[in-house]
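The values are calculated or read from the model by the stated rules, or taken from the named source; none is laboratory data. Nothing here was measured: the structure is a model prediction, and the numbers come from that model. Backbone-built Cβ (ideal geometry, glycine too); neighbour counts: all protein chains shown.
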Amino acid sequence: MTATVEVQSSGEPQASGVRFPEGFVWGAATASYQIEGAVNEDGRGPSIWDTFSRTPGRVHRGHTGDVACDHYHRYADDVALMSDLGLGAYRFSVAWSRIQPDGTGPVNTRGLDFYDRLVDELAGKGIDPVITLYHWDLPQTLQDRGGWTNRETAEAFADYAQIVYARLGDRIKTWTTLNEPWCSAYLGYGNGVHAPGIQDPAQALTAVHHLLLGHGLATRALRSAGARTLGITLNPVAVAPLDPANPADLDAARIVDGVGNRIFLDPLFKGAYADDVREIIGRFTDLSHIHDGDEAIINAPIDVLGINYYTPTYVSAKPGQPAALDTPGSEGIAFRKPVGPITDIGWQIEPAALTRLLNRIHDDYGVPMMITENGAAYPEGPSPETGEVEDADRISYLDGHLRACLDSLSHGVDLRGYFAWSLMDNFEWAEGYNKRFGLVHVDYTTQQRLPKRSAKWYSEVIRRNGLE
């Protein structure tokens, strides 16, 4: 795929008209625990996020996903809203504990029934479902047995994937195994700011491997069952040295890139961990969790790599600096605080970093990609005067990052689609309902949906298949 023109990404809306390749996929994304609610209905079992959000001090103001956006009951209206926006695809995740309340064992058909209804509703509106099998909400029973530090969880995940495929595989073309295993491992088991809330670098690095192993096992199983398009979604670190002329800063960037990116990308696409990454893993574990043949399983061929991008990372050498808990092996490395324009969640805005990231992955791994998440949190609400949500900052953010995608297309990157994060405001993990990423505003008291100005802008982007 190539773009029709070459443009420069800037972060500000531009006047020139540019178009994306024919067949480019336009969508929006959500995740099960963030929107569904209905946590105790129709046989659903508890997940680690049910436990975590009920633990005092873990989530902003004690918020939980018990109700969230009540999508479980309002899915038909939400699909109609997607249709009104002109979405060609909808990326959603399945709640494992709806399908197998304990993560293994008997299948809860009522849970499958919900996703069956959702997929049929999408088909009726001409919207392609893009499914994510795991978006962080591990069944609590599996966590009680060690979660992703237990090899059996990877094996259970492959079984679960087959169960979902057997019910929905006739209507879903694109299957994604995991969403952001970096977060599942490093935020869940490293710094503990996400469920299950553990702080242990050895467990974090063990979880990385078992997540990847689960992906490989599930990919093989789905391919054997007849799945057409398979992938995984990563949130690669757009890392750069603070001073590119400083060898120490370059080495700091290499380490962070190794633990944050190559630890996933190399076994996925090259069939082995790099030696320097294996050395870091070996500082914290005895490597016994990496069995002979595992890397070949992880290397199961996929068709598309999902990329979630929000913000860049700049690092420098700083002797004596303790390691960041979410980056094992990063002792002696400083992470620069965000500068310049930032979003409400405190993330630096730099579209050009997305271009660099996509180009690098293309050059090093040559894999087709889709932007499976990209968006920004801003604290806007309906205007008392107009009743509209005027979110110009979000429009500027999305416009700049779409132009960054065009820059990468001009570089030769095989970029096949873009999914805005997120379709609607929702439960934003440890931030609770305090951060709003949605194209659609949600009043959590009334559950009223109100498309923001950015939703209308995005609808025009989709209609034009490009930017003005």
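Data for the structure
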{"quantity": "Some residue of the stretch 70-82 being out of contact with any His (no Cβ under 7 Å at 6 or more places or on another chain), over 30 Å from Arg464 (Cβ atoms) and assigned to a helix (DSSP H, G or I)", "calculated": "yes"}
{"quantity": "Of all residues in the stretch 1-34 being over 15 Å from Asn465 (Cα atoms), assigned to a loop (DSSP other than H, G, I, E, B) and of a type in the set (Ser, Thr, Tyr), the one that is modelled with the highest pLDDT", "calculated": "Thr30"}
{"quantity": "Criterion (surrounded by fewer than 18 Cβ atoms within 10 Å (Cβ to Cβ) and in contact with a Lys or Arg (Cβ under 8 Å, 6 or more places away or on another chain)) met by exactly one of Glu331, Glu388, Glu380", "calculated": "Glu388"}
{"quantity": "Matching residues, the stretch 427-468, being of a type in the set (S, T, N, Q) and either surrounded by fewer than 19 Cβ atoms within 10 Å (Cβ to Cβ) or more than 21 Å from Ile342 (Cβ to Cβ) (or both)", "calculated": "Asn434, Thr445, Thr446, Gln447, Gln448, Ser459, Asn465"}
{"quantity": "Top-ranked residue of the stretch 225-252 - restricted to ones that are crowded, with 22+ Cβ neighbours inside 10 Å and small (Gly, Ala, Ser), ranked as nearest to the chain's Cα centre (by Cα)", "calculated": "Gly231"}
{"quantity": "Unique residue being of a type in the set (Gly, Ala, Ser) and touching a Lys or Arg at 6+ places or on another chain (Cβ under 6 Å) when the list is Ser93, Ser97", "calculated": "Ser97"}
{"quantity": "Residue among Pro267, Pro241, Pro301 that is within 21 Å of Gln348 (Cβ to Cβ) and either among the acidic types (Asp, Glu) or at pLDDT 95 or above (or both)", "calculated": "Pro241"}
{"quantity": "Residue check for Ala204: under 22 Å from the mean Cα position of the chain (by Cα) and either within 30 Å of Val164 (Cβ to Cβ) or among the charged types (D, E, K, R) (or both)", "calculated": "yes"}
{"quantity": "Hits in the stretch 103-121 - residues which are among the charged types (D, E, K, R) and either surrounded by fewer than 18 Cβ atoms within 10 Å (Cβ to Cβ) or within 10 Å of Val164 (Cβ to Cβ) (or both)", "calculated": "Arg110, Asp113, Asp116, Arg117, Asp120"}
{"quantity": "Residues that are closer than 17 Å to Thr219 by Cβ, β-branched (Val, Ile, Thr) and under 20 Å from the mean Cα position of the chain (by Cα), drawn from the stretch 268-321", "calculated": "Ile298, Ile302, Val304"}
{"quantity": "Any hit, the stretch 45-59, residues being part of a loop (DSSP other than H, G, I, E, B), more than 16 Å from His73 (Cβ to Cβ) and modelled with pLDDT under 95", "calculated": "no"}
{"quantity": "Contacts under 6 angstrom Cβ, first residue in the stretch 262-285 being without any contact (Cβ under 8 Å) to a residue 60 or more places away in the chain and over 15 Å from Pro301 (Cβ atoms), partner among the basic types (Lys, Arg) and surrounded by 15 or more Cβ atoms within 10 Å (Cβ to Cβ), 6 or more apart", "calculated": "Ala274/Arg262; Val277/Arg262"}
{"quantity": "Glu380 on the phi < 0 side of the Ramachandran plot, modelled with pLDDT under 95 and touching an Asp or Glu at 6+ places or on another chain (Cβ under 8 Å)", "calculated": "yes"}
{"quantity": "Of all residues making up the stretch 39-66, the number that are surrounded by 18 or more Cβ atoms within 10 Å (Cβ to Cβ) and either under 22 Å from the mean Cα position of the chain (by Cα) or closer than 15 Å to Asp443 by Cα (or both)", "calculated": "13"}
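Listed here are the residues, each with its yes/no results for (1) of a type in the set (Val, Ile, Thr); (2) in contact with a helix residue (DSSP H, G or I) (Cβ under 7 Å, 6 or more places away or on another chain).
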site	(1), (2)
Gly231	no, no
Leu242	no, yes
Val259	yes, yes
Ile263	yes, yes
His291	no, no
